[in-house]
Amino acid sequence: MDSRYLPALFEKKIYQFWEKNGLFKAKIPKDKKKETFCIILPPPNANADLHLGHAMYVYEDIMIRYQKLRQKEVLWLPGADHAGFETQYVFEKELQKKGQTRFDFDRNTLYQKIWDFVISNKSKMENQLRQLGFSLDWEKERFTLDPDIIKIVYQTFKKLFDKKLVYRAKRLVNYCPYCGTSFSDLEVIYKERKDPLYYIKYPLKNSQSITVATTRPETMFGDTALAVNPKDKRYKSLIGQIAVIPLTNNKIPIISDQAVDLEFGSGAVKVTPAHDFTDFEIASRHHLPIKQAINFDGRLNELAGKYQGFFISQARKLIIEDLKKENLIEKINENYSHRVATCYKCGRLIEPLPKEQWFIKIKPLANKAKKLVENGKIKIYPRRFKKNLIDWLDNFHDWNISRQVVWGIRIPAYRCKKFSTGSNIDSYFSSDPNSMPEGSRRNPWFVSVERPAHCQICGGNDFIQDEDTFDTWFSSAQWPFATLLTIDGKKNFYNYFYPTSVMETGYDILPWWVARMIMIGYFATDKVPFYHVFLHGLVRDKSGKKMSKSKGNVINPITMVDKYGADALRAALIFGVKEGNDVVVSEEKIIGMRNFTNKIWNIGRFIWINSKSTKNKNSSLTNGLLEKMAKEFKEEKKRYLKLMENYQFSRAFGLIYDFLWHRLADFYLEKLKAKVNNGNIKVLKELEKVYFGNLIMVHPFMPFVTEAIWQSFFGENQTILNQQL
RNA sequence: GCUCGUGUAGCUCAGUUGGCUAGAGCAUUCGGCUUACAUCCGAAAGGUCCGAGGUUCGAGUCCUCGCACGAGCACCA
């Protein structure tokens, strides 16, 4: 043993040893009663290198290794996520560097190009997970685009469709004209912004007018009514009258609706159902027509007359100028502050636009999920997130799962070509999916796992498939059962390991992923997808900021592994952190933990040197120190086990840190050193016992150094992983 | 507006059924290359545990109110 622990000498070799000897490989034992412990790795996006957030999966490695040492049959299943829109966005950035865009390729070519990009990144990412020492069962790795996984996703979609929990409707969706796709509610970020609030006069007959306040004058061509509050005395006499949209001859009615706030603006509002969610609701209450004045490319359309073809911001300027000329602007509040919807990815404004999409009817699924969480069938750690999760389950809206993105799992919905001219849905739906089948019957969608052979109506066999792909989270939501079902094609692993033991992930994706896994998982399998949810915090830099490339404050995990060893990095993410809280990581902290690995190593080295010593053996007295040490060790282990069982990993680790360094090394070893050096075999044996006991306990946290020491003592064909806790 | 979190040593944070002198890492000061380790050892300095009130024999820990910071959600024409 060298005087220092040098991670680079061991880590790669040890990992290969583990992998080659199948130490991470889960088997189905003869004794099916043997207790299992299974975690499905949250599949990293296969489009980029790992960042420190991924290193937080060390919590999973800790659990897996711990449970293995506790003699359970463990499975930690790796995977990769195609990450649909995310990946396509990243790939488009790559294209940009070459002066290309997604429009330069046809669908198949673009898909193939992204495929190649993803596959090379995927293997890179996998090797980085190895470098972190993760005890993943690589043989069983799954990818969200594996054909058998896609098949499961299709089966789930079909089952949802058959149970009327998925429906197609033309509704307002969050659409990003730049990214060219719609999003679910979760992908929209609201930002505080200052915009002028325009008070615009809408002419009435007899040269009167009514003033409405709006930040979006350019949508006026889509107005189909003006609305006032029914209790508003100012406007009572105007209800039922006709107003004219400025700059046009279009006449619209004045209606009353309780959604209108008397206090705000002028108390009267323009109703633009195609471009505003509230207005859409008003329109559905009053059966107003829906007129789309803005196209999906963010330009005004023919409804806008001379403004057709202009982008929203340009059109707005022109319209305001013209309104001023017509003396139809009453006033402008230049300092109006409000929140606008922006695209979570590109940051540009989200346009609410009417679009035909597939939606999941969420209420029945969320209610089931809520029960599972409330009655403890699924337990959440740390506990405070339980309330959080339930809030989400209470507040989910129907989930738009259609994405206008090439990279992804194409939706298995088909229509007979004979009927397929234009939209088959000629009415709009606000919230009642049950009205859907009416339209469907006229020109139905077939949802089927395989491409349908014949049209059930005309017998034809010429189908077109929906162009859209699934929201990535729709496939991710099925990950625990989709993976286990497809490992051997015979459900063996599913039967033995499902429901999985723990879902461990960052608290930031609670609604995106955890909630949806519970909803979809239970729907598809009639079982909870996991018994426990353990949520970790986010990694932040020294000043508490979230790490991001644009801020330039990222710490590359692999650079840190190369410099200080994987154990040091892993420990830095765990040490002194309350579960579920954000963790501040700095290079100094990693160095501190590197020093601890070296301390562990050197305690071992002391014992190792003395066990090789040829001094005369004796067993002189030690004044009760050995007994005291044994007792302390026993208590330590007891506390350790309790902490580990309660998911208090940081405290468990801190406990060993303190014991090894400040009790065993600084105190007992110092006091007993002279005796050991003089050949006291009894002391040496007792030190060994306590030391090895701690080595096993700390192994889940610092797998490499502990294995390196183990093999230094017992030979390179031995492994600490076969020990027992 | 609603929900949640945080506020403890100069900095980053632990401290989970209320209980010995409130801890760790880093930083600081002093002394040490003592054959396990200088990626170390020994010692020191450093805290009105955000504030006020309450429960209690006893509160960093529990309750109420307040202040500060942060996060998420909702509304906004």
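Listing for the model above:
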| quantity | calculated |
| --- | --- |
| Hey, A:Ile254 open to solvent by less than 20 Å² (accessible area, probe 1.4 Å), touching a Gly at 6+ places or on another chain (Cβ under 7 Å), within 22 Å of A:Gln208 (Cβ to Cβ) and of a type outside the set (Gly, Ala, Ser) or not | yes |
| Single match in A:Asp81, A:Asp61 (criterion: within 22 Å of A:Asp471 (Cα to Cα), charged (D, E, K, R), open to solvent by less than 50 Å² (accessible area, probe 1.4 Å) and touching a Phe, Trp or Tyr at 6+ places or on another chain (Cβ under 9 Å)) | A:Asp81 |
| Qualifying residue in the stretch A:631-638 (condition: modelled with pLDDT under 95 and either small (Gly, Ala, Ser) or touching a helix residue (DSSP H, G or I) at 6+ places or on another chain (Cβ under 6 Å) (or both)) | yes |
| Residue in the stretch A:683-695 that is within 10 Å of RNA strand B (Cβ to nearest atom) and either in contact (Cβ under 8 Å) with a residue 60 or more places away in the chain or open to solvent by 30 Å² or more (accessible area, probe 1.4 Å) (or both) present | no |
| Options A:Leu573, A:Leu621; residue that is more than 8 Å from RNA strand B (Cβ to nearest atom), among the aliphatic types (A, V, I, L, M) and either modelled with pLDDT of 95 or more or in a loop (DSSP other than H, G, I, E, B) (or both) | A:Leu621 |
| Residue check for A:Ala213: within 16 Å of RNA strand B (Cβ to nearest atom), more than 28 Å from A:Ser337 (Cα to Cα) and part of a strand (DSSP E or B) | no |
| Residue ID - farthest from A:Ile360 (Cα to Cα), chosen from residues in the stretch A:178-204 that are open to solvent by 20 Å² or more (accessible area, probe 1.4 Å) and over 33 Å from the mean Cα position of the chain (by Cα) | A:Pro203 |
| Residue selected from the stretch A:1-27 under the condition assigned to a loop (DSSP other than H, G, I, E, B) and open to solvent by 50 Å² or more (accessible area, probe 1.4 Å), by the criterion farthest from A:Phe493 (Cα to Cα) | A:Ser3 |
| Count of residues meeting criterion [more than 9 Å from RNA strand B (Cβ to nearest atom), without any contact (Cβ under 8 Å) to a residue 12 or more places away in the chain and within 17 Å of A:Trp608 (Cα to Cα)] in the stretch A:624-680 | 1 |
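For every residue, the table says whether it meets (1) over 23 Å from A:Pro480 (Cα atoms); (2) free of Cβ contacts under 8 Å to residues at least 60 places away in the same chain.
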residue	(1), (2)
A:Tyr15	yes, no
A:Asn21	yes, no
A:Pro29	no, yes
A:Ile40	no, no
A:Asn47	no, no
A:Ala55	no, no
A:Gly79	no, no
A:Ala83	no, no
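Yes or no, residue by residue, for (1) of a type outside the set (Lys, Arg); (2) touching a Gly at 6+ places or on another chain (Cβ under 8 Å):
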position: A:Phe10; (1), (2): yes, no
position: A:Lys13; (1), (2): no, no
position: A:Lys25; (1), (2): no, no
position: A:Lys34; (1), (2): no, no
position: A:Pro43; (1), (2): yes, yes
position: A:Met56; (1), (2): yes, yes
position: A:Gln71; (1), (2): yes, no
position: A:His82; (1), (2): yes, yes
position: A:Asp106; (1), (2): yes, no
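The values are calculated or read from the model by the stated rules, or taken from the named source; none is laboratory data. The structure presented is a predicted model; accordingly, all values stated were derived computationally and were not measured. Positions of Cβ are generated from backbone atoms using ideal geometry, with glycine treated the same way; all protein chains shown enter the neighbour counts. These area figures cover heavy atoms from the full protein model, side chains too; ligands, DNA and RNA do not enter into them. Shrake-Rupley method; radii C 1.70, N 1.55, O 1.52, S 1.80 Å.
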